[in-house]
Amino acid sequence: MTTISLSKASPAKTRTDALIVGVVSTDDGPRVAPGGEDVSSAFGRSFDRTLTALGVKGKAGEVSKLAGADATKADVVVLVGLGPADELTAESLRRAVGAAVRGLAGTTSIAIAVPADSVERIGAIAEGVLLGGYVYDRYLTGDNPAPVGEVTLLTGMARDKGAKAAVERAQAVCEAVNAARGWVNTPPVDLTPVTFADDIVSRAKGTSVKVSVLDERQLESKGYGGIMGVGRGSSNPPRLVTMTYKPRKPVAHLSLVGKGITFDSGGLSLKPGAAMYTMKCDMAGAAAVVAATFAIAELGLPIQVTTYAALAENMPSGSASRPGDVLTMYGGKTVEVLNTDAEGRLVLADAITTACAQQPDLLVDVATLTGACVIALGHRTAGIMANDGELQRSVHASAESAGELMWPLPLPEEMKEAVRGSKVADLAQIQTDKAGGTLYAGAFLREFVGNGVPWAHLDIAGTAFNSGSPYGYTPTGGTGSAVRTLVQIATERAGG
């Protein structure tokens with residue numbers, strides 16, 4: 001496990017396997033960023049020219065290495081680009097440090113000398129370390145690079161209580177993000193609704209989070225038609241997991257709902273084979289809300305959290321739901337199924353209805369819900385929808401503070417009429433016109449939000465899984481999307 005400590009020591013004189021130094025780009029060429037001045041001095045006056053000769057530009061995310069030689073106590077000096085000197089942000093630090101640490105897997109000790117002159121920057125750097133150092137090696141055999149061991153962040157604020165608290169917060173949050181990544185990366189044969197629920201119960205032991213689970217018989221008897229309708233085609237039965245964190249004298253009540261389709265074949269509306277490979281990530285919304293709940297509890301935030309993870313496996317079989325079926329959802333509304341590959345909204349609807357019965361001060365659901373959101377926003381930006389404009393702006397601001405890219409999308413009123421357009425049921429699961437698919441899905445979910453409950457929906461279909469090369473602190477595979485935003489929302493609601 002990676003540990004982070006703070007020190008006021010000189011970077012050039014710190015004995016370590018690798019020393020990370022920031023480099024910024026300027027009109028006059030690359031320059032060592034604040035925090036690494038004595039490293040530049042140790043290499044001599046011509047170090048700026050050396051950077052240029054090495055091809056270093058200070059471009060964001062750029063990583064170069066050179067021998068520490070006799071200039072420093074480090075075996076290797078890692079130069080990481082921070083971008084333009086006048087555009088340095090907490091997120092650019094987070095990404096740069098993450099990129100540098102990601103390339104140092106297996107290194108025993110690392111020291112970091114980048115601009116760390118505020119609590120915000122120190123927290124961001126710590127997050128970059130812990131997120132960039134993530135390694136998923138559950139199924140690898142032989143000698144594989146281990147996560148980075150000891151990390152020392154060199155800063156003049158080493159004894160500052162706020163700085164220490166920022167590192168502790170980063171450790172709690174990033175442990176949650178990495179837990180979500182691990183669940184998403186787990187093959188669906190080993191992460192079924194039952195095993196996922198069991199894992200949540202196991203992780204809650206010894207914490208202040210209480211967990212209860214409804215099995216398929218209870219779901220059937222209580223009328224959870226959406227979850228059962230999706231899960232009945234699989235030999236792995238569905239589950240509804242409820243997590244409760246209730247500190248003394250909570251200042252607010254936050255409810256979280258997550259889509260947990262542990263594998264999505266599309267059901268009888270079968271996906272093309274090539275589209276199934278990453279469908280182990282269709283439970284990323286549930287992973288996010290579950291992981292965030294554990295982080296909120298570990299941080300001891302004075303806010304009540306009730307979380308619902310709707311877990312099912314969407315498979316084709318003789319017992320699977322068919323296009324044309326009508327499902328009676330939890331709470332009594334009926335839905336005409338038109339495409340069994342639009343299953344996420346069905347399990348979410350049941351969980352949202354359950355959550356609203358508690359009248360929370362805020363309800364946020366997270367789901368890999370629509371391919372249309374990926375078309376609209378790409379693979380690095382999630383969508384935000386809400387039943388209140390100010391709430392939507394607030395969630396967007398929380399995401400920005402957490403360092404996650406999200407963008408507001410509308411909930412146009414004409415979609416309400418479309419959702420209610422079925423001739424045989426209260427609601428139509430999808431629309432015949434494919435335009436605005438994300439907006440339709442949001443409007444469908446809104447039908448299950450109780451009157452007066454502030455609600456936001458995060459569509460992480462594009463951001464939950466990185467099928468390409470790693471970048472910044474983001475690995476290939478599960479990303480842990482939305483966890484940091486949820487913790488940030490809870491922190492702000494708790495008055496932090």
**Request:** Specify which of the listed residues (Leu240, Leu219) is in a strand (DSSP E or B), in the same structural domain as Thr307 (by TED's automatic domain parsing), touching a helix residue (DSSP H, G or I) at 6+ places or on another chain (Cβ under 8 Å) and surrounded by 21 or more Cβ atoms within 10 Å (Cβ to Cβ).
**Result:** Leu240
**Request:** Go through (1) part of a helix (DSSP H, G or I); (2) free of Cβ contacts under 8 Å to residues at least 24 places away in the same chain; (3) not assigned by TED's automatic domain parsing to the domain that holds Met283 one by one and return the number of the condition Gly162 breaks.
**Result:** (2)
**Asked** Could you count how many residues in the range 1-37 are in contact (Cβ under 8 Å) with a residue 24 or more places away in the chain, surrounded by fewer than 16 Cβ atoms within 10 Å (Cβ to Cβ) and charged (D, E, K, R)?
**Response** 3
**Fill in**
A careful count of residues in the range 362-379 that are of a type in the set (Ser, Thr, Tyr) and farther than 17 Å from Thr485 by Cβ gives 1
**Prompt:** Of all residues in the range 433-448 being out of contact with any Leu (no Cβ under 8 Å at 6 or more places or on another chain) and surrounded by fewer than 23 Cβ atoms within 10 Å (Cβ to Cβ), which is modelled with the lowest pLDDT?
**Reply:** Lys434
**Complete:** Counting only residues in the range 411-424 that are in contact with a Leu (Cβ under 8 Å, 6 or more places away or on another chain) and either among the small types (Gly, Ala, Ser) or part of a loop (DSSP other than H, G, I, E, B) (or both), the one surrounded by the most Cβ atoms within 10 Å (Cβ to Cβ) is identified as Leu411
**Message:** Among the residues of the range 69-86, are any assigned to a helix (DSSP H, G or I) and either buried (at least 22 other Cβ atoms within 10 Å of the Cβ) or at pLDDT 95 or above (or both)?
**Reply:** no
**Qualifying positions in the range 387-410 - farther than 27 Å from Gly123 by Cβ and either in contact (Cβ under 8 Å) with a residue 40 or more places away in the chain or in a loop (DSSP other than H, G, I, E, B) (or both)** = Asn387, Asp388, Leu409, Pro410
**Request:** Taking only the range 253-301 into account, find how many residues are hydroxyl-bearing (Ser, Thr, Tyr), touching a Ser or Thr at 6+ places or on another chain (Cβ under 7 Å) and surrounded by 22 or more Cβ atoms within 10 Å (Cβ to Cβ).
**Result:** 3
**Complete:** Residues of the range 444-469 being farther than 16 Å from Thr278 by Cα and in a loop (DSSP other than H, G, I, E, B), in sequence order, are Glu447, Phe448, Val449, Gly450, Asn451, Gly452, Val453, Pro454
**Asked** Within the range 141-192, how many residues turn out to be at pLDDT below 95, surrounded by fewer than 20 Cβ atoms within 10 Å (Cβ to Cβ) and in contact with a Gly (Cβ under 8 Å, 6 or more places away or on another chain)?
**Response** 3
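The values are calculated or read from the model by the stated rules, or taken from the named source; none is laboratory data. Remember, predicted model here, so these are calculated numbers, not experimental data. Cβ sites come from the backbone with ideal geometry, for glycine too, and all protein chains shown count toward neighbours.
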